[in-house]
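What follows is a single structure, written as structure tokens, with notes after it.
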Amino acid sequence: MKKLSTDSYRGVRDFYPKDTYLHDYMVNTLSRVCESFGYEPYSASLLEPAELYRTKTSDEIVNEQTYTFKDRGGRDVTLRPEMTPTVARMVAAKYRELGFPLRWYSMPNCFRYERAQRGRLREFWQLNADLFGIAGADADVEIITLAHHLITAFGATEADFQIHINDRRVFEHIFDEAGIDAGTRKSVMSLLDRRAKMDNFEDALRSSVGEKSEHLLSLLASAASNPLLESLHARLKNLGVTNVVVDTSIIRGFDYYTGMVFEIFDTSDENNRSIAGGGRYDALLELFGVTPIPTIGFALGDVTLQDFLTTHELLPEYVSPTDIMLCVLDEQSASIADTIAQNLRSQDINVAVNYSYKKVGDQIKLAIKKHIPFSACIGQQEAESGTLVVKHLATGEEKTVPMDEVADHLCTYEV
RNA sequence: GCGACUAUGGUAUAAAGGUUAUUACUCCGGUUUGUGGUACCGGCAAUUCGGGUUCAAUUCCCGGUAGUCGCCCCA
């Protein structure tokens with residue numbers, strides 16, 4: 001018989017208990033901070049009609065970088081590659097009854113069909129937080145402050161990451177002044193987006209806009225002192241968000257951004273990459289035929305976040321959800337152990353009963369290996385005495401306690 | 001889609017064109033019939049797949065596959 005491979009599908013991960021623990025830790029921390037800013041959780045299906053992405057996303061992304069297939073009814077279905085179109089669809093569908101401003105967050109898994117590499121897999125989870133209905137700079141300040149708090153909530157300091165801000169309206173003003181016509185603006189934006197990676201940027205710019213390129217370059221050089229960005233910078237500073245830099249190379253790939261854009265980078269040398277990004281997209285909901293709703297949001301991926309936290313040694317040690325392992329010593333004691341376990345569970349103690357009947361030492365080793373904090377043996381002695389010897393495995397402390405006081409005893413330890 | 005590098009037990013590794021492929025961890029059993037990670041003994045378990053060169057390939061060559069990293073792209 002042919003053996004099945006134990007490998008997971010390319011580019012996706014198996015979450016063993018320790019992986020799940022870290023994932024839950026990240027999700028729970030992010031959720032807590034979002035809710036502290038008044039954001040409500042929402043969710044949606046992984047499946048979306050493919051046309052949702054055809055309208056707003058480039059052809060390459062839909063055709064080559066999504067999982068798209070036909071269902072049995074011949075409909076084109078896509079595994080969501082991002083959450084923004086979904087949340088825009090949901091808000092547009094009920095915008096009259098939702099009540100603005102609206103603050104929503106979610107931690108969906110998304111799929112992209114592309115080559116895996118560091119920080120990038122085919123399935124990832126990403127926090128999406130969006131604020132709908134506030135057009136002004138107040139929302140820009142809030143969303144960046146939220147992003148900042150999300151990262152410091154893990155124990156990171158401002159030296160560990162840096163927030164790069166920019167504003168697309170700055171470029172619109174510059175294009176007006178330099179006399180760049182609407183048709184070439186998109187290609188100039190695309191050049192600006194790749195500027196840091198290009199070694200012939202000025203030549204490419206010249207071939208795109210002609211003799212206007214000198215004027216354009218000098219205007220771009222002074223873009224960092226724009227009042228829009230200076231004001232935002234100052235307001236963030238007042239809120240204690242001081243690791244912000246104006247960076248006019250931050251463009252972000254999508255056409256739909258209409259104002260402030262930002263990206264957060266890990267400052268360490270080993271992991272010098274983007275961990276979150278977002279910006280203002282005021283026109284997106286118009287696609288659904290509803291009145292324009294000013295919106296600002298950002299996303300933060302679990303893969304890059306975990307790389308960041310690993311790099312800065314900010315991930316916690318694994319803790320088992322099980323509080324105590326009952327080590328059954330012989331088959332005659334199993335039913336007694338079951339009764340004790342039921343009694344403890346009714347008092348909110350998580351109990352695993354070890355029915356292996358191995359030597360006590362082996363059973364205790366197993367409890368330690370599984371990071372279970374307490375153990376107790378169940379055998380003839382316990383059946384006769386009505387007491388348990390509860391052992392705290394981290395310290396080796398043992399205490400003999402009556403069976404109905406075991407739960408209270410466990411509570412005397414800080415877990 | 002393009003490129004570079006890598007591929008040895010479950011994990012991590014060593015070595016070599018030629019008898020039984022190293023070591024550690026894990027796992028199973030024992031020294032030890034009711035309490036710990038140490039110690040000692042024993043056991044299970046591997047050269048990614050296909051082709052080529054060669055008397056002989058796991059080792060050299062080519063290809064496939066997979067992984068890692070980078071490019072492209074980035075929601």
Subset of the range A:366-415 [free of Cβ contacts under 8 Å to residues at least 24 places away in the same chain, more than 6 Å from RNA strand B (Cβ to nearest atom) and on the phi > 0 side of the Ramachandran plot]: A:Gly386
Within 30 Å of A:Ile144 (Cα to Cα), within 12 Å of RNA strand B (Cβ to nearest atom), buried (at least 16 other Cβ atoms within 10 Å of the Cβ) and under 34 Å from the mean Cα position of the chain (by Cα): does that describe A:Ile275? yes
Being away from RNA strand B (no atom under 16 Å from the Cβ) and farther than 22 Å from A:Met189 by Cα is the filter here, so list the residues in the range A:233-266 that pass it. A:His233, A:Ala234, A:Arg235, A:Leu236, A:Lys237, A:Asn238, A:Leu239, A:Gly240, A:Val241, A:Thr242, A:Asn243, A:Val244
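Test A:Ala341 against the stated conditions and say whether it is near RNA strand B (Cβ under 9 Å from one of its atoms) and closer than 17 Å to A:His409 by Cα.
Numbers: near RNA strand B (Cβ under 9 Å from one of its atoms): no; closer than 17 Å to A:His409 by Cα: yes.
Spelling it out, it is not the case that A:Ala341 is near RNA strand B (Cβ under 9 Å from one of its atoms) and closer than 17 Å to A:His409 by Cα.
Which count do you get for residues in the range A:236-259 that are among the hydrophobic types (A, V, I, L, M, F, W, C) and under 22 Å from the mean Cα position of the chain (by Cα)?
5
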Give the residues of the range A:278-310 that are over 15 Å from the mean Cα position of the chain (by Cα), assigned to a helix (DSSP H, G or I) and either in the same structural domain as A:Glu384 (by TED's automatic domain parsing) or among the acidic types (Asp, Glu) (or both), sorted by residue number. A:Glu286
If you go through the range A:119-138 one residue at a time, do you hit one that is in contact with a helix residue (DSSP H, G or I) (Cβ under 8 Å, 6 or more places away or on another chain), at pLDDT below 95, more than 16 Å from RNA strand B (Cβ to nearest atom) and assigned to a helix (DSSP H, G or I)? yes
The condition from (1) touching a residue at least 40 places away in the same chain (Cβ under 8 Å); (2) over 30 Å from A:Val141 (Cβ atoms); (3) part of a loop (DSSP other than H, G, I, E, B) that A:Pro321 misses is numbered (1)
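The values are calculated or read from the model by the stated rules, or taken from the named source; none is laboratory data. Quick caveat: nothing in here was measured; it's all calculated off a predicted structure. Glycine also receives a Cβ, built like all others from the backbone with ideal geometry; neighbour counts cover every protein chain displayed.
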